[in-house]
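One structure is given below, encoded as structure tokens.
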Amino acid sequence: MKTNIVNLLRTVSGLALGLALMAGVVNAQPATASIKTPDAAKDSRKSEPTSSPEAKKPAKKTEAVPTSQSVGEDAGNYTVTSTIEFGYRGQRVDGDVNKFKSDLNYKAGPRLFDTTFLMKSKNGKGDLFDTLLVTSTGWGADPYGNLRLNAEKPKWYRFEGTYRRFKYYRFLNNIANPTWLFTPNPTLANPVTGLHGYNTHTEMGDFDLTILPKNEKIRFNVGYSPERYSGPAFTNYHNGGNDFWLHSNLKSRANDFRFGADGKLGPIDWTFVQGLRRFRDDSTIDGAFGLNRNTASSVSQLPIFNRQEPTRGKVDFTRASIHTFVAKKLDITGRIIYSRSTSNSLYIENFAGTNFNTRITGFPPTVTGASATNITNPSSYNIAGNVKRPNTVGDIGVTFLATDKFRVSNTFRVEDFTIDGVASFSDFFSLTRTLTGGGTRTDTFSVSNVNSMRTTKYRKYVETIEGDYQFNPHYSIHFGYRYGHRREQQIVTGFAINSNSPTLLTPIALCTSPVGAGCEEFETEANHTNSFFGGFKARPVKNWTLYFDAEHGTADNVFTRIGNYDYTNIRAKSRFAPNRKVIFNFAVITKDNSNPSEIAGESINDFGSSIKSRVFTSSVDWMPTARFSVNMGYNYTWVNNDSTIDYYYQVPPAAAVFHHFGHALYYQRNNYFYFDLTTRLNRRMTLYTSYRINQDHGQGNRLSAPTAGSAIAGGVVVPGVLNPITNAVLGGTLITSYPMNFTSPEARLSIKLNRRLDWNLGYQYFAYNESNFLNTFPGSLRAQNYHAHLPYISLRLYIGRKE
Amino acid sequence: MRLRKSIKALVVLGSVLAVVVWLTAANRSQAVVSATIDDKPAANDYVGSDTCKDCHEDTFKAYSHTAHATLTTLSSWKNKASGCESCHGPGKAHVDGGGDKTKIISFTNKSSKEISETCLSCHAGKEERNNFRRGEHWRNDIGCTDCHSPHSNKEGRNVASSNMLVTTANAEKPGFSTIRMLKANDPQLCTSCHSEVKSQFSAPFHHKVLEGAMRCSDCHNPHGGFELKQTRLATGGDAACIKCHADKQGPFTFEHAPVKTEGCSSCHTPHGSANPRLLRYSAVNQLCLTCHSAAHDVGAVEPSGPSHNQNAQYSNCTACHVKIHGSRTSPVFFR
């Protein structure tokens, strides 16, 4: 009800503003005649009755196109060119408001649509600045606003600043985020939980000042980038066999400071930057709302819950680079970055309630006659974390300009980092249980300061040699070879703290082979990648340009199965501009990556991952006259991912959980079409219309068959795993996609009231439909469809606009 | 296998070197690389921009409002060629020849690389552009003037346009492109060639680039760089994404290694997607299982059954493994 009233008030105030603006229009129209601008004078003459037959035919006049020289208003030593658009936007959303807010998050209300303000000195000798530019978009009722500022006096300084604000909302109910999670199988989704919902707010900025920006010898730079993130969010907690739904208050902030200088020393251009980043996270989780969505009386409830994890992090980094161009033949660039990141945290969790899961390892002691139900007395976790990550990146690039047509380049990179983390774990539990014979029994259990250590070491070398040859201004080719070597090592020692009763990991030397659970880890992986790439640019005729490039690479190993193993990427683009009024663009981009995994003796079809994508894109930009322009295009994106996976699947009420060796398939068949059409209806009125549609057919008629396949007699033995896999099934598919239709038409009529003022009336419509989703995922309760109507009315004010 | 690769590499390297030697020898007489005049002309070969104005009035007018035109006011530019002749070379012969086009440097029939060399003769030396000669744009023969307009004459009337998507700057509505002498604003300019990302930026979930809240150049350096895809680096050597998504920076006691070693785009499509969280798969379990399926990668253990039953209750991996980018307290990312 309240929302309706608010909407009604907004609509009424919007209408009132509209009426006021229209009144302004009525009043403004006669005034334009008295301005006596040349055009207005001609217009008024046109409307005067004349007796001459020639006079009845208005003279065809050519309209001068404004340029950056012809606009601008005098302001002393400066010229000012500025626009500001403000108004009111209404909104009505039918359907799933949460999905609308997750996608767009627009709101009704007054809005500052966009502003630009440019102040330029007339002779390059301004007092405080020669150029000042301020632009902004999306303030007021918009979810993302930004403000950019650029001020410079080239002799002395240049200041660039950006401030951005994002309002992030997420409350979804779909396959990527199933909300039936904590209800007994196979109950359908609970539409109100919005697992991992967010309603957060981010503010960030970049502010950089360069002193003496045009000085070749030395320039000084200082910069500051703040980031603030806060707001409520939902998260989950899986602990001791229980699942909890938590409400958290996110709050973090980071401040980046940087200072340095760059300049020229003899033939060498140099840059030095020292940076300091300070990060703190003071997010908290309280137990007041939404804890433990399990509703059965026997499952755990923790009405008292509080978690804090104050974290302090810092990154100190140094970056230095040099560049020189020897004898106009040899371009050499070197760069080194060293950073040292550290993070310290203290995790404190306190809780109390009922029926904490009794499967906690080693606790509670088995007591005959003790009830499984319990009172969970105040208990806690206390985990201190300490991590450091030194990181070094070194690059050197050399380009030899052998001739004016041929160049050859070599680029070498080395990257190295180590992440050393230690967590010191403590916990305390106290449960009170009812005894069969009457009375209660209270047991406590605690662990103090056991350490878990994980170290990740990584080193990468990449060597690239490439050349390019320019046959003539119309034809050029490039070609190259890249070699990459990566090595990753992971070491896990200390206690396994993924249970409530941590156990000391067995040293590797004492572990039986193959390595089973409960052992320390010392794992090393390495890969070598060789790739060749090349391409050309051709301009067979003056107005037609073709671009083509391709890369093919192979590796002997990957760190993840979606990493590049045997890949081929091809890109071809065509740009045809028969005249200055029309441009045709076409492009095809294909990517193929096959990964046979590492299981010896298994073919790619049996245990691999294949990722393929095809993108076709086309567009036309046509502006036959200054009064009419159209931009339109069509994209088609085709994605097929097929990975052989093993997964567990059970169909209740069957007790057995089968271990399938099947396929994970993902499909995308997205059609995207758009057009933007601008028509100047007459001297005062311009109409803009646009239409955009993304339509993904996803997997089509394909349906998942997770229980398909046939049992493998005797189970499966997987290298590195001690026991054979029983209940093994060969076959079964998990198929996923996101079939949907997202449409957005827009229209806007802009009426020029006078030289300083435009009146705008617009309407935008969004329609989102994922009904096809239900066909492919029968478990979904409902589609998150919505329709949104966003009418608006606004005024645009100009300074410095000329007739 | 390795021997074959080594031979391949040697063959390629040898071919490249042979071509280098051949071309160097063949073009030994060609000393001029850039379009600028290398043989230092005499001072009286220059006629000054005012002379150019007599014939090229419109171009001069446009040019006179640019940063290029104000260089003469800077002390660091004293005694250097300035104005039109700083790029087009001395104009005396051209003027004396009655406008003979062969007597002045004209860029009409020059390749993008040659034009770029002219620009780099002044604009090189800033870290931002140190790798231009090794960048993707250079490689594909995209030069400075494909994006920048050196005479910077912003034209056009401000007409009706979208109320949500940013539009390119024009004379009546100046923008960043006006002062950077770009032909269009950042997203429009980039998407005029990289049109494949338009559909991604129009998907239900996307980075707000077309809306103007971000620019392509916030994440990519159009002038080249050592990073793949010409991405920028965040603080230190971290990926560009970390700059805004600071909570993913870590370091974490228990790092999900691929975040750091493979990069964010292993799991996310950065420009836009219909999939929540910009994930590469719509169902998160399939994304996870693609790696965590007995592939015995570093740390990529296979989920054990039966608690990882993919039927409903546990099909959303991140419902339990909530701190999937890295955790300070849980080796399996539970908290």
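Just so you know, all these numbers are worked out from the coordinates, no wet-lab data involved. Just so you know, these numbers come straight off a predicted model, no measurement behind them. Ideal geometry is used to build each Cβ from the backbone, glycine not excepted, and the neighbour counts take in all protein chains shown.
Which whole number gives the average, over all residues in A:382-390, of C-beta atoms from other chains lying within 10 Å of the residue C-beta? List each step's numbers first, then the result.
Working: counts 1, 6, 3, 7, 3, 8, 1, 8, 1.
Across A:382-390, the average partner-chain Cβ count within 10 Å equals 4.
Here's the picture: charge each Lys and Arg Cβ at +1 and each Asp and Glu Cβ at -1 in the stretch A:544-753, and of A:I583, A:G662, A:S704 the one pushed furthest to the positive end of that dipole is A:I583. Extension gain for B:T108 to B:A93 (0.36 nm times residue separation, less C-alpha to C-alpha distance): 3.5 nm.
Which of rounded, prolate, oblate describes the stretch B:165-226, given a ≥ b ≥ c as roots of the alpha-carbon gyration tensor eigenvalues and a/c under 1.5 marking rounded, otherwise prolate only if a/b is larger than b/c? Taking the square roots of the gyration eigenvalues as a ≥ b ≥ c, the stretch B:165-226 is oblate.
Report the gain in length on full extension from A:W156 to A:L797: 0.36 nm times residue separation, minus Cα-Cα distance, nm rounded to one decimal. Display every interim value, and only then the final one.
Working: separation 641, 0.36 × 641 = 230.76 nm, distance 3.27 nm.
Once the chain is fully extended between A:W156 and A:L797, it gains 227.5 nm.
The mean number of Cβ atoms from other chains found within 10 Å of a Cβ in peptide A:340-350 is 3, as a whole number. Across all directions, the average flat footprint of the convex hull enclosing the Cα atoms of the stretch B:108-158 is 4.7 nm². Quick check: the distance between the Cα centres of the stretch B:81-103 and the stretch B:257-296, to the nearest angstrom? Centre-to-centre (Cα) distance: 57 Å. Shape summary of the stretch B:46-139, radius of gyration then Dmax from alpha carbon positions: 14.8, 42 Å.
Relative intensity of the stretch A:352-479 on a log10 scale, I(q)/I(0) at q = 0.13 Å⁻¹, equals -0.75, per a Debye sum over C-alpha point scatterers of equal strength in the absence of solvent. Distance from the Cα centroid of the stretch A:124-177 to that of the stretch A:80-115 is 17 Å (rounded to whole angstrom). For the stretch A:413-509, the Cβ-based charge dipole about the Cα centre amounts to some 280 debye (Lys, Arg positive; Asp, Glu negative; other atoms uncharged). Averaged over residues, the count of other Cβ atoms within 10 Å places the peptides A:206-218, A:669-681 in the sequence A:669-681, A:206-218, highest first.
Just tell me how shielded A:329-335 is by partners: mean number of partner chain Cβ atoms within 10 Å of each residue's Cβ, no decimals.
On the way: counts 3, 0, 7, 1, 10, 1, 5.
The shielding value for this peptide is 4.
Across the stretch B:187-197, coupling constants 3J(HN,Hα) worked out from phi with the 6.51/-1.76/1.60 Karplus curve, θ = phi - 60°, read x, 5, 5, 5, 6, 5, 9, 8, 6, 5, 7 Hz, and Gly and Pro carry x. For the peptides B:142-154, A:573-585, the ranking by packing is B:142-154, A:573-585, with the highest mean count of neighbouring Cβ atoms within 10 Å listed first.
Beyond 18 Å, how much of the Cα-Cα pair distribution for the stretch A:398-546 remains, as a whole percent? Within the stretch A:398-546, distances greater than 18 Å cover 75 percent of Cα pairs. Under 16 Å of direct C-alpha separation, and excluding same-chain neighbours fewer than eight residues apart, A:K542 reaches these aspartates and glutamates: B:D141, B:D146. Averaging 1/r across all pairs of distinct Cα atoms in the stretch A:544-753 and inverting the result yields a Kirkwood radius of 21.3 Å.
For the stretch B:240-327, the calculated P(r) over all alpha carbon pairs, in 5 Å bins from 0 to the bin holding the longest distance, is 3, 13, 21, 27, 21, 11, 4, 1 percent. Of A:K612/B:K198; A:K153/B:K173; B:K183/B:K229; A:K612/B:K126; A:K460/B:K323, which sit over 30 Å apart, Cα to Cα? With Cα atoms farther than 30 Å apart: A:K612/B:K126. Annotation for the stretch B:208-243 versus the stretch A:439-465: alpha-carbon center distance of 33 Å. Annotation for the stretch B:199-263: GluC sites (Glu not before Pro) lying in DSSP loop with at most 16 further Cβ atoms inside 10 Å of their Cβ do not exist. With both bridge residues required to lie in the stretch A:544-753, what share of the DSSP beta bridges run antiparallel, to the nearest 5%? For the stretch A:544-753, the DSSP antiparallel bridge percentage is about 95.
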